[in-house]
Amino acid sequence: MHRASRLAAVLVSATLAGCVSSTDIDSLRAQIVELQRQIQVLQAQGSSKQEVAELQSTIQQQTDRLLKAEADMRLDLGELSGQLGQLQGQLEDTNYRLSQLSQQIAAASQDLKVVRSATAPTDPAAPPTPGAATTDPETLYQTAYSDYLRGAYDLALLGFRQYLDAYPETDLTDNAVYWIGECYYRQQRYSGAIAEYDRVLERWPRSDKTASALLKKGYAQIELGDRASGTAQLERVIRTFPNSDEANLARQRLQNLGVDSRRPG
């Protein structure tokens with residue numbers, strides 16, 4: 001085998017080994033330099049033009065492969081850098097959310113202890129505890145609502161009921177009743193949810209939760225198998241609150257049920 005052919009075989013085997021790494025690229029460069037040196041040796045020894053031409057052709061092929069490998073590596077590194085940047089951003093966002101959630105849980109647990117302490121039965125003859133104070137309504141409500149948002153529905157039910165017992169006549173009383181209904185709904189206790197939605201509709205017909213109570217009552221009736229009553233409730237939402245988000249949700253649910261609902265007007 002000619003010397004040029006042997007060198008070409010070695011170089012080709014190196015590039016066909018698989019994915020090109022930075023080490024492979026350095027090796028290719030070294031071998032190209034070696035091939036160029038061999039050309040000079042062959043020319044000095046008076047080797048045939050065919051040998052020199054074969055070696056030059058091999059150098060050109062490997063140079064092309066080297067340039068392509070470097071381009072592919074730069075592209076791969078750029079994509080990896082972008083993916084790493086995205087993952088880093090997602091990780092930082094997740095860590096922030098976990099930190100916020102931990103703080104909310106700790107605050108909610110502390111508030112719940114205060115609430116339970118404030119509402120626990122006491123001996124009328126016992127002297128008041130120095131520094132004891134009843135939790136303010138906003139803190140009590142927000143604690144219950146935080147419990148609902150994190151899926152702790154039993155704790156949320158307890159908190160909203162305590163709120164209603166302690167503060168039965170506030171601007172948030174109707175909201176607290178509605179969220180009790182939502183807790184039942186999330187627990188698939190649909191009959192209990194309907195009862196709470198009805199309380200909102202009967203006692204606070206102009207509440208900002210009226211449309212939502214109508215909508216969720218319809219949902220609950222459908223879940224219980226009473227499709228006729230449920231669709232009637234959803235149609236009532238569309239008639240009464242045609243431009244609301246609840247009306248859009250009602251239309252979508254009716255459409256999923258195969259019921260033709262058309263916007264009035």
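Under the condition of being out of contact with any Leu (no Cβ under 7 Å at 6 or more places or on another chain) and either farther than 22 Å from residue 175 by Cβ or not in a helix (DSSP H, G or I) (or both), the residues counted in segment 236-265 number 18. Of the residues in segment 133-155, none is under 28 Å from residue 236 (Cβ atoms), modelled with pLDDT under 95 and either of a type in the set (Ser, Thr, Tyr) or crowded, with 22+ Cβ neighbours inside 10 Å (or both).
Being more than 28 Å from residue 136 (Cβ to Cβ) and without any contact (Cβ under 8 Å) to a residue 40 or more places away in the chain is a property that does not hold for residue 172. Per the listing 212, 229, the residue uniquely closer than 18 Å to residue 199 by Cβ, free of Cβ contacts under 8 Å to residues at least 12 places away in the same chain and assigned by TED's automatic domain parsing to the domain that holds residue 185 is 229.
The values are calculated or read from the model by the stated rules, or taken from the named source; none is laboratory data. The structure presented is a predicted model; accordingly, all values stated were derived computationally and were not measured. Positions of Cβ are backbone-derived with ideal geometry, glycine not excepted, and every protein chain shown enters the neighbour counts.
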